[in-house]
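One structure is given here, and the rest of the page talks about it.
The values are calculated or read from the model by the stated rules, or taken from the named source; none is laboratory data. Remember, it's a predicted structure, so these values are computed and weren't measured experimentally. For neighbour counting, all protein chains shown are included, and Cβ atoms are generated from backbone atoms with ideal geometry for every residue, glycine included.
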Amino acid sequence: MSGPMLQVGRWIVAMLLFALAAAAWPQEFPSRPIRLIASNSPGTLVDTVARVFAPELSKFIGQSVIVENRQGAFNTIGYEFVAKSPPDGYTVGTAVASELATYPVTIKDLRFDPLRDLSNITGLVESRLVMVTSTAHPWKTFGELVANARANPAKLNYGSSSALTRLLAESVIQGQSLKIVDIPYTGGGPMIQAVLSGQVHMGFVGESTALANPEKMRVLAASGERRKPPFLEIPTFRELGHPQIPGLYVFMVGPVGIPRSFTDKIANAAARALQAPDVKARFAKLSMEVVEESPDSAARRVPDEARAYADIAKKIGMLPQ
């Protein structure tokens, strides 16, 4: 090879090596928009949280955060999409801990493992769950309901609109050694109407539902570590001996394997976004409280709930369908 050709060959090799090195060198994260997957239809919990939160997150992360709905198959389609996405930080999702925790005992042949294939990036908000009854019924407290149920085995019933609401109700029922009959409904709306009309004797609903029906719906107990307004006179499940009853904890998940520096950047931006006055005010109107907890505590949420639900499912003979 002649001298000029040799020089050209060396130049080409050098440029190729430079290109390969540049491709291998990690870019500053994030360098493009982030997809925030809501595994439910518009207007539902994880979608609402995502849409309230995403615009402010965009400001602090330095890239657009685009909310994308991927619902279906009991919301597993969206979660599976996140779990199987490349672990590069550009596809994350909003999730409800209780929903993920119920999948192992309620859904057969899952195509992903909610306990192993998704990682908790950061907590977002939490909304309380409350046990309610119709004001038409004679009991005014949790203790009075328990006494009535104990005096009338299998005469009282509860409404369930999902595997979660059934497992929550059975957790309390089993803990009190009661016999109360499950009346299943196809959705939350029909179940709520059944509670309001007195057709069922109790049920689990979100705090906002109870606040919207103060004349017909009586709150007997609430989730949470301590009593909070507007239910300061209502005992928590923890006080009543049922610390395993969680609230609706919404957090950000991603596929396992995202570099820690990337998740730290997302979590830090999320923490700043959640403290924005407008964001906090909008969540407060929705009866949601911004989550403040340690990463270790957040990481235990789904596994701890999954173990509790597995125990109850075994006691009542619930099998994955």
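Assorted remarks:
- Residue match in the stretch 302-309 (condition: farther than 29 Å from residue 63 by Cα, among the small types (Gly, Ala, Ser) and out of contact with any Asp or Glu (no Cβ under 8 Å at 6 or more places or on another chain)): yes
- Screening the candidates 320, 303, 255 for the property of being at pLDDT below 95 and in the same structural domain as residue 89 (by TED's automatic domain parsing) yields one hit, 303.
- Residue 73 out of contact with any His (no Cβ under 7 Å at 6 or more places or on another chain), modelled with pLDDT under 95 and at positive phi: yes
- Applying the criterion of at least 1 residues that are crowded, with 22+ Cβ neighbours inside 10 Å and either on the phi > 0 side of the Ramachandran plot or in contact (Cβ under 8 Å) with a residue 12 or more places away in the chain (or both) to the strands (runs of 3 or more DSSP E) found wholly in the stretch 100-206 leaves 118-127, 129-134, 157-160, 203-206.
- Residue in the stretch 104-122 that is more than 30 Å from residue 85 (Cβ to Cβ) and not small (Gly, Ala, Ser) present: no
- Some residue of the stretch 239-248 being crowded, with 18+ Cβ neighbours inside 10 Å, at pLDDT below 95, of a type outside the set (Asp, Glu) and not in a loop (DSSP other than H, G, I, E, B): yes
- Considering the stretch 207-218, and only residues there that are among the hydrophobic types (A, V, I, L, M, F, W, C) and surrounded by fewer than 21 Cβ atoms within 10 Å (Cβ to Cβ), the residue that is farthest from residue 140 (Cα to Cα) turns out to be 212.
- Residue that is exposed (fewer than 13 other Cβ atoms within 10 Å of the Cβ), of a type in the set (Ser, Thr, Tyr) and at pLDDT below 90, where the choices are 31, 2: 2
- Every condition in (1) in contact with an Asp or Glu (Cβ under 8 Å, 6 or more places away or on another chain); (2) in contact (Cβ under 8 Å) with a residue 60 or more places away in the chain is met by residue 217 except one, and the failing one is (1).
- Checked against the criteria, residue 282 does not count as over 30 Å from residue 91 (Cα atoms), charged (D, E, K, R), surrounded by fewer than 19 Cβ atoms within 10 Å (Cβ to Cβ) and outside the structural domain of residue 133 (by TED's automatic domain parsing).
- Residue list for the stretch 249-274, restricted to those being free of Cβ contacts under 8 Å to residues at least 40 places away in the same chain and loosely packed, with under 13 Cβ neighbours inside 10 Å: 260
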